[in-house]
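To keep things clear, I will list the structure first and then write my remarks on it.
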Amino acid sequence: QVQLVESGGGSVQAGGSLRLSCTASGRSLSNDAVYWLRQAPGKERVLVAAINWDGDNTQYVDSVKGRFTISRDNAKNTVHLQMNSLKPEDTAVYYCAVDDWGELAADASYDYWGRGTQVTVSS
């Protein structure tokens, strides 16, 4: 059974940092593209960052460019999202999702989802 588990969420003040991790069990992520999405209260789930299977292609939503960095450690079957200079508008539940296609795609089909981790940024 494949499980994705997000960790590293919490509450921070504006300007602070958090490092989220997405760790898989029951499946190797080494050939998968991994996406981080977030959902704020009352809003739709949106894509934040993505990384292809070998880490040489990453994408970010404009609002987090220069502040967030996605990376992967295939040896640990984990993908990280380093979030710096956090703002109150970054408050959301953050999810990781996997696409077994491996390369990034605008119409990615997510094969597996984690349950999310809450990030709260206070002003």
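The values are calculated or read from the model by the stated rules, or taken from the named source; none is laboratory data. On a predicted model such as this, the values are computed, not experimentally measured, just so you know. Here the Cβ is made from the backbone with ideal geometry for all residues, glycine too, and neighbour counts use every protein chain on show. The accessibility values were calculated without ligands, DNA or RNA, using every heavy atom of the protein model including side chains. Shrake-Rupley method; radii C 1.70, N 1.55, O 1.52, S 1.80 Å.
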Based on this model, can you work out whether Gly66 counts as open to solvent by 50 Å² or more (accessible area, probe 1.4 Å), of a type outside the set (Asp, Glu) and not in a strand (DSSP E or B)? yes
Would you mind stating whether Asp90 is open to solvent by less than 30 Å² (accessible area, probe 1.4 Å), within 28 Å of Gln13 (Cβ to Cβ) and of a type in the set (Asp, Glu)? yes
Is it the case that Ser85 is out of contact with any strand residue (DSSP E or B) (no Cβ under 6 Å at 6 or more places or on another chain), farther than 24 Å from Gln1 by Cβ, touching a residue at least 12 places away in the same chain (Cβ under 8 Å) and assigned to a loop (DSSP other than H, G, I, E, B)? yes
Quick check on the range 100-117: of everything there that is within 13 Å of Cys22 (Cα to Cα) and either modelled with pLDDT under 95 or not hydrophobic (A, V, I, L, M, F, W, C) (or both), which residue is surrounded by the fewest Cβ atoms within 10 Å (Cβ to Cβ)? Arg115
Which residues, taken from the range 27-54, are farther than 15 Å from Asp99 by Cα, part of a loop (DSSP other than H, G, I, E, B) and either free of Cβ contacts under 8 Å to residues at least 12 places away in the same chain or open to solvent by 30 Å² or more (accessible area, probe 1.4 Å) (or both)? Pro41, Gly42, Lys43, Glu44
Checked the range 1-18 for anything open to solvent by 60 Å² or more (accessible area, probe 1.4 Å), of a type in the set (S, T, N, Q) and in a strand (DSSP E or B); matches are Gln3, Ser11, Gln13
Only unsatisfied item for Asp62, checking (1) modelled with pLDDT of 95 or more; (2) in contact with a strand residue (DSSP E or B) (Cβ under 6 Å, 6 or more places away or on another chain); (3) not basic (Lys, Arg), is (2)
